Amino acid sequence: KSGFISIIGRPNVGKSTFLNQVIGQKIAIMSDKPQTTRNKVQGVYTTNQSQLIFIDTPGIHKPKHKLGDFMMKVAMNTLKEVDLVLFMVNVTEGYGRGDEFIIEKLKGIKTPVFLVLNKIDAIHPDQLLPMIEQYKNLYDFKEIIPISALEGNNIDQLLKEITEYM
Ligand code: GDP
Ligand code: MG
């Protein structure tokens, strides 16, 4: 099984941290500053049964200038070409305007989308279920998977779900 997977989400939700966890190398630039990831960075996760090619997109956000507008288009075109989209959110921040903008964009593509709830290490477990219910009402996510990219929690489960979907 093999396929292309694009990771999207607001700046600082943990996309690069996740990619680094999966690939086990520091291939994506990590920073607390938003939008450090300006180019598509690809990482390949290979096991004897699967090959998953991950793409860390430039941020999808409401463009404030021409360059931002161009980057948005690059990111959106990427989404149409992949087999699966991972939409990552930060559970410590919850649903916001940035997520709303991305979900609106997702409604315009046919690619299946998994919702990845990241940074579960930083919240109380009781907070998770209401958040899942909220996101379920916003979009028809094929799967909803809570993880901690930083601590590596549930990454194996997510990779398993992705592989099964390919
Ligand atoms: P990106 O902009 O989406 O690529 O986000 P980064 O991967 O650069 O991460 C932004 C910040 O969030 C960094 O300080 C990371 O260490 C932190 N971070 C990422 N994943 C987690 C997580 O699972 N838990 C916690 N507590 N922090 C995280
Ligand atoms: Mg990044």
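Readers should treat all values here as calculations from the given coordinates under stated rules, not as data from a laboratory. Keep in mind the model is a prediction, meaning the values are calculated, not measured.
By the gyration tensor of its Cα atoms, with a ≥ b ≥ c the square roots of the eigenvalues, what is the shape of the stretch 2-165: rounded for a/c under 1.5, prolate for a/b over b/c, or oblate?
rounded
Give a residue-ordered list of calculated ³J(HN,Hα) values for the stretch 150-157 (Karplus: 6.51 cos²θ - 1.76 cosθ + 1.60, θ = phi - 60°; whole Hz; x for Gly, Pro).
So the J values, rounded to whole Hz, are 5, 8, x, 6, 6, 5, 4, 4.
Pairs on different chains or at least eight residues apart, Cα atoms closer than 24 Å: how many lysine pairs in the stretch 60-122 fit?
Lysine pairs meeting the criterion: 20.
For the chain, what does -39500 (n - 2.57) per DSSP helix run (n ≥ 4), summed and divided by total residues, give at 222 nm, in deg cm²/dmol to the nearest 500?
Dividing the helical sum by the residues of the chain leaves -10000 deg cm²/dmol.
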